[in-house]
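Colleague: My structure is below; once you've seen it, I'll send some questions.
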Amino acid sequence: MEVADVLVIGGGLAGWRAAEAAVKSGASVALVANGAGNSPDIHAINVPVRDDDSVERFVDDTLKSGRGGCDRELVEVLCRESVKLAEEFPFDRNPDGSYKLLQPLGCSVPRCVSIDHKIGAWALAKIRRELAGKVEAIKGRVTALSFNSQLSTFSFQLGDDDAAGEARSVVIATGGWCGKYEFSDNPPELRGDGIDMAVKLGAATRDMDSIQYEPTVALAPAKLRGIPVITTMLFEGATFRNKDGEEFLADRHANKDVVSRAIFAEVEAGRGVDGGVWFDATGVPAELLDTVYVDTVKRYAAAGVDIHKEPMLVAPAPHTSLGGLVIDAKCRVLRVDGAPIPGLFAAGEVTGGIHGFNRIGGNAGTETLVFGKMAGEEAAKGAKS
Ligand SMILES: Cc1cc2nc3c(=O)[nH]c(=O)nc-3n(C[C@H](O)[C@H](O)[C@H](O)COP(=O)(O)OP(=O)(O)OC[C@H]3O[C@@H](n4cnc5c(N)ncnc54)[C@H](O)[C@@H]3O)c2cc1C
């Protein structure tokens, strides 16, 4: 392989979005990935499209949900740039032309848009189609990344091979590390490799003790174990019940961290069911279940559970890494002293600071699109300079 202008490590939405932006900027791009990561599961993303919504309100909700742990500058970039996504993506609309919106926990108004309930898979397929033949896509696990100061290039290793290729700039988009946990809704290849590689090149990290639990991950039936159930159902009448059938959680619209703690407390008090609780969607109107939540309905029906009539057994599971690499508002990876590492960029779940200590559902997908694009553009610029 020739020296690529840009090497993208990671084939989720942040990685492919970076590749797309770098190609559009005129760079030659190689992308290495050992799986698809979490991105195909992205159901919906946050974009402030409603008349009573605004960038300021989006910023405010994100900072409040982040419990004091957000980097305000990154949050402002996320929310400001998200608005442009409405010009780029054909988000689903109602017959009257208004956007079809869901309200995630932590959003003060409905803000979650989608395309056919699976915007992650939709966007990945679209980008990959458009980039066919324009990106050198390599299957494999990058095991080491090093910098050759004489040539000003990065070399990477695949598996046990010696230098598999070289590039002038690198975008790390390897996602988080929640795949390391036994009960998680992440695939096992997500183990924080990109963080290890960048740290060896001098990168700083933040909030590495911070992950988000998804409150409603299926414990049973066995074939659904580890698959999450979307929490927006709580706005449509779903409730939590303990082993005695009692409803708990006074504020069903609380943030995910509060909901997860309430479930753990119920289990610890001996009122759980096999380490979890019942998530009861029987109060959600059938017409909503059969349209907006039809994928969940079908998934459970195939496993012998009719969620119109029966509750789902769920427990909180590690879902999103909140900490990660420290980046600036141009996606440059920073050293501990705050200086950028030349040629090294990062985007997506591998980075820290955007969601603080509690991420709003829908903000991660927005993050991959906004920061993936920026990382690709900046990496292409970096390669040329
Ligand atoms: C079940 C589920 C549902 C979700 N739903 C939503 C939602 O509806 N809305 C929302 O906003 N967020 C959602 N999220 C969160 C969101 O999916 C992630 O935060 C987001 O997809 C992260 O994108 P990414 O591109 O940074 O990483 P990922 O999509 O996880 O991709 C990481 C990539 O890096 C690759 N990789 C890792 N290590 C290496 C290595 N050493 N060498 C080569 N490649 C490597 C992986 O194989 C993968 O291709 C959900 C998460 C889960 C688990």
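Colleague: Could you please let me know if D196 is closer than 26 Å to G353 by Cβ, out of contact with any strand residue (DSSP E or B) (no Cβ under 7 Å at 6 or more places or on another chain) and without any contact (Cβ under 8 Å) to a residue 24 or more places away in the chain?
Modeller: Numbers: closer than 26 Å to G353 by Cβ: yes; out of contact with any strand residue (DSSP E or B) (no Cβ under 7 Å at 6 or more places or on another chain): yes; without any contact (Cβ under 8 Å) to a residue 24 or more places away in the chain: yes.
When the stated conditions are applied, D196 passes them.
Colleague: Continuing with this model, one more query. Sort out which residues of segment 145-162 are part of a strand (DSSP E or B) and surrounded by fewer than 16 Cβ atoms within 10 Å (Cβ to Cβ), and write them in order of number.
Modeller: Across segment 145-162, the qualifying residues are S146, N148.
Colleague: Continuing with the same structure: Return the residues of segment 23-54 that are touching a strand residue (DSSP E or B) at 6+ places or on another chain (Cβ under 7 Å), within 15 Å of the ligand (Cβ to nearest atom) and under 20 Å from V77 (Cβ atoms); say none if nothing qualifies.
Modeller: I45, N46, V47, listed by residue number.
Colleague: Considering only segment 62-76, state which residues are within 16 Å of the ligand (Cβ to nearest atom) and open to solvent by less than 10 Å² (accessible area, probe 1.4 Å).
Modeller: If the condition is that a residue be within 16 Å of the ligand (Cβ to nearest atom) and open to solvent by less than 10 Å² (accessible area, probe 1.4 Å), then T62, S65, G66, L74, V75 are the ones that fit.
Colleague: Sort out which residues of segment 1-15 are within 8 Å of the ligand (Cβ to nearest atom) and not aliphatic (A, V, I, L, M), and write them in order of number. First the steps, then the outcome.
Modeller: Kept after step one, since they are within 8 Å of the ligand (Cβ to nearest atom), are these residues of segment 1-15: 9-15.
Those that are within 8 Å of the ligand (Cβ to nearest atom) and not aliphatic (A, V, I, L, M): G10, G11, G12, G15.
Colleague: Taking the conditions exactly as written (touching a residue at least 24 places away in the same chain (Cβ under 8 Å), more than 16 Å from the ligand (Cβ to nearest atom) and within 22 Å of Y293 (Cα to Cα)), does T231 satisfy them or not?
Modeller: no
Colleague: Which numbered condition in (1) open to solvent by less than 30 Å² (accessible area, probe 1.4 Å); (2) out of contact with any Pro (no Cβ under 9 Å at 6 or more places or on another chain); (3) part of a helix (DSSP H, G or I) is the only one that I307 fails?
Modeller: (3)
Colleague: Taking the criterion of being within 24 Å of the chain's Cα centre (by Cα), in a loop (DSSP other than H, G, I, E, B) and not small (G, A, S), would at least one residue in segment 337-345 satisfy it?
Modeller: No, that holds for no residue.
Colleague: Which of the residues spanning segment 293-316 are in contact with an Asp or Glu (Cβ under 8 Å, 6 or more places away or on another chain) and of a type in the set (A, V, I, L, M)?
Modeller: Of everything in segment 293-316, those that are in contact with an Asp or Glu (Cβ under 8 Å, 6 or more places away or on another chain) and of a type in the set (A, V, I, L, M) turn out to be V297, M312, L313.
Colleague: When residues of segment 91-110 are filtered for being out of contact with any Leu (no Cβ under 6 Å at 6 or more places or on another chain), closer than 18 Å to A238 by Cβ and assigned to a loop (DSSP other than H, G, I, E, B), how many remain?
Modeller: So the answer is 6.
Colleague: Further question on the same structure: Which ones in segment 1-47 are part of a loop (DSSP other than H, G, I, E, B) and in contact with a Lys or Arg (Cβ under 6 Å, 6 or more places away or on another chain)?
Modeller: N34
Colleague: Filter segment 310-337 down to the residues that are open to solvent by 40 Å² or more (accessible area, probe 1.4 Å) and farther than 16 Å from E367 by Cα and list them by number. Give the steps one after another, and end with the answer.
Modeller: So in segment 310-337, the residues open to solvent by 40 Å² or more (accessible area, probe 1.4 Å) come out as 310-311, 330, 332, 335-337.
Those that are open to solvent by 40 Å² or more (accessible area, probe 1.4 Å) and farther than 16 Å from E367 by Cα: E310, P311, R335, V336, D337.
Colleague: OK, next. Give the residue that is most open to solvent (accessible area, probe 1.4 Å), with candidates limited to residues of segment 89-129 that are of a type in the set (D, E, K, R) and in contact (Cβ under 8 Å) with a residue 12 or more places away in the chain.
Modeller: R128
Colleague: Does segment 130-139 contain at least one residue that is under 25 Å from the mean Cα position of the chain (by Cα), within 12 Å of the ligand (Cβ to nearest atom) and open to solvent by less than 20 Å² (accessible area, probe 1.4 Å)?
Modeller: For segment 130-139, residues under 25 Å from the mean Cα position of the chain (by Cα), within 12 Å of the ligand (Cβ to nearest atom) and open to solvent by less than 20 Å² (accessible area, probe 1.4 Å): absent.
Colleague: Something else: G69 is checked against (1) within 18 Å of the chain's Cα centre (by Cα); (2) in contact (Cβ under 8 Å) with a residue 60 or more places away in the chain; (3) more than 15 Å from G362 (Cα to Cα); (4) not in a loop (DSSP other than H, G, I, E, B) and fails just one. What number does that condition carry?
Modeller: The one condition G69 does not meet is (4).
Colleague: Report the residue count in segment 338-355 for those that are under 21 Å from S39 (Cα atoms) and surrounded by fewer than 24 Cβ atoms within 10 Å (Cβ to Cβ).
Modeller: 1
The values are calculated or read from the model by the stated rules, or taken from the named source; none is laboratory data. All values derive from a computational prediction rather than experimental measurement. Cβ atoms come from the backbone with ideal geometry, glycine included; neighbour counts cover every protein chain shown. These accessible areas exclude ligands, DNA and RNA; they are computed on the full protein's heavy atoms, side chains included. Shrake-Rupley method; radii C 1.70, N 1.55, O 1.52, S 1.80 Å.
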